[in-house]
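Chemist: Questions regarding the structure given below will be posed in turn.
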Amino acid sequence: MSEADWAESREHIADALRAGWAILKAGGTALDAVQSTILVLEDSPHFNAGYGAALTEDGLHELDASIMDGTTLAAGAVAGVRRVRNPIRAARAVMEGGRAVLLIGDAADRFADQAGLAMVQPDYFTTQRRVEALASLKRRALDGTAAKASEAEKHGTVGAVARDAKGRLAAGTSTGGFNNKPTGRVGDSPVIGAGTYARDGVCAVSCTGQGEIFIRRVAAYDVAARMSYGGQTLEQASNTLVFETLKSHGIGAGMIVLGAEGDPLAPYNTLGMYRGWVTTAGEMTVATHHELHHLGAVA
Ligand code: ASP
């Protein structure tokens, strides 16, 4: 990516944070803040969710998303959707519908349509960058260098965690999975407890990295379990997952986590991970690699 791309990605993260903060500042819920933050990231071409999402091995987009309310433990998710413009909205609609936690494929798209959400043609999600990344990964698969593909070529899932003024926690995640993924494959992002989890008084978690391992390790829930049964702090629990449990599988992993008191952490074991946060005092920070960009008070 060019320096201009990095700068614009940071700007879009800041926009996403502003959208979430506006809701929290007005006394809104953590759940609404999570949804609006993810919505902005889904609409940005810089991340692997919504517009600009990864392509399957067949050159299709199959999008996964989930959202969870830490107060009621209500949750909603969609997997393998191709037509709803913002999968996070579809996940929320599934949650509000109350009849299912996870809807898949065409039925999930139809549900979103019936719920009145904006629908698009599948090629709406396609960007030149992803087409090139798919071609490059297919070449790598042929010449046996797939393992050397950069994180940016493969990943870019988006997520958000929030705590509101009443102490309610929420988490959400949205993704196109990874470039060249098997058609029909579902990752951890729409699996509650694997890629997303929130429980008031404990933590809110959203994950990124090779979903198969996060599912097998029930990663997001394991952070919460380590804290509630194991007495670990948020930092101990999330670091154990990212630097020990998940890393032991040889994968790049990261997560954004928030404790009951609202302190954010974003551990990752790769070179970098897009991230950003707003403190309770309204101060915003964004980062892609080690260096933090303090942007001051949110306007
Ligand atoms: N966790 C996502 C998935 O497996 C991919 C990623 O975060 O890079 O679908």
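Chemist: Can you tally the net charge around Arg163? Count Lys and Arg as +1, Asp and Glu as -1, for every other residue whose Cβ sits under 10 Å from the Cβ of Arg163.
Modeler: Values: positive: Lys166, Arg168; negative: Asp164, Asp200, Glu261, Asp263.
Taking every Cβ under 10 Å from that of Arg163, the sum is -2.
Chemist: Then there is this: Would you please give the FRET efficiency between Ile215 and Glu57, computed as 1/(1 + (r/R0)^6) with r the Cβ-Cβ distance and R0 = 22 Å, to the nearest 0.05?
Modeler: Working: r = 20 Å, r/R0 = 0.89.
Calculated transfer efficiency: 0.65.
Chemist: Find out how many positive minus negative residues lie around His12, taking Lys and Arg as positive, Asp and Glu as negative, among other residues whose Cβ is under 12 Å from that of His12.
Modeler: On the way: positive: Arg10, Arg18; negative: Asp5, Glu8, Glu11, Asp15, Glu42, Asp43.
Its environment carries a net charge of -4.
Chemist: Please enumerate, by chain and number, the lysines with C-alpha under 18 Å from the C-alpha of Lys138, excluding those fewer than 8 residues away in the same chain.
Modeler: Straight-line reach from Lys138, under 18 Å: Lys148, Lys154, Lys181.
Chemist: So what's the net charge close to Asp32: Lys and Arg +1, Asp and Glu -1, counting the other residues with Cβ under 13 Å from its Cβ? Mind showing how you got there, number by number?
Modeler: Working: positive: Lys25, Arg89, Arg92, Arg163, Lys166, Arg168; negative: Asp69, Glu96, Asp164.
So the surrounding residues net to +3.
Chemist: How large a share of the accessible area of the stretch 132-256, in percent, is made up of carbon and sulfur atoms when the probe is 1.4 Å and the other protein chains stay in place? Don't jump to the answer; show the numbers that get you there.
Modeler: Details: 2590 of 4990 Å².
Carbon and sulfur: 52 percent of the exposed surface of the stretch 132-256.
Chemist: Can you compute the charge dipole magnitude of the stretch 1-119 about its Cα centre, using +1 on each Lys and Arg Cβ and -1 on each Asp and Glu Cβ, nothing else charged? Give it in debye, rounded to the nearest 20.
Modeler: Working: 10 positive and 17 negative charges, 102 e Å.
It comes to approximately 500 debye.
Chemist: For the stretch 154-299, what is the accessible area per residue in Å², given a 1.4 Å probe and the full set of protein chains?
Modeler: Details: 5830 Å² over 146 residues.
Using a 1.4 Å probe on heavy atoms only, each residue of the stretch 154-299 averages 40 Å².
Chemist: Still on this structure, I have one more. Would you mind classifying the chain by shape? Square roots of the alpha carbon gyration tensor eigenvalues, ordered a ≥ b ≥ c; an a/c under 1.5 is rounded, otherwise it is prolate if a/b is larger than b/c and oblate if not. Intermediate values should be presented prior to the final figure.
Modeler: On the way: a/c = 1.33, a/b = 1.19, b/c = 1.11.
Rounded shape, in that the Cα axes give a/c under 1.5.
Chemist: Sticking with this one: What size of dipole, in debye to the nearest 20, comes out for the chain about its Cα centre when the only charges are +1 on Lys and Arg C-beta atoms and -1 on Asp and Glu C-beta atoms? Write out the running numbers ahead of the final one.
Modeler: Numbers: 28 positive and 33 negative charges, 93 e Å.
In debye, rounded to 20, the chain gives about 440.
Chemist: Oh, and also: What are the DSSP H helices in the chain that stretch 18 Å or more along their long axis, judged by alpha-carbon atoms, and whose average Kyte-Doolittle hydropathy comes to at least -0.5? Walk me through the intermediate numbers first.
Modeler: Values: long enough: 3-25 (32 Å, -0.40); 30-43 (20 Å, 0.89); 128-143 (23 Å, -0.76).
Result, helices passing both filters: 3-25, 30-43.
Chemist: With the full set of protein chains in place, find how many percent of the accessible area of the stretch 1-123 is carbon and sulfur; take the probe as 1.4 Å. The partial results should precede the final answer.
Modeler: On the way: 2530 of 4970 Å².
Ligands and nucleic acids excluded, carbon and sulfur reach 51 percent.
The values are calculated or read from the model by the stated rules, or taken from the named source; none is laboratory data. Being a predicted model, the structure only gives us computed values, none of them experimental. Neighbour counts are summed over all protein chains in view; Cβ atoms, including those assigned to glycine, are modelled from backbone coordinates with ideal geometry. Note: areas computed on protein heavy atoms with side chains; ligands, DNA, RNA excluded. Shrake-Rupley method; radii C 1.70, N 1.55, O 1.52, S 1.80 Å.
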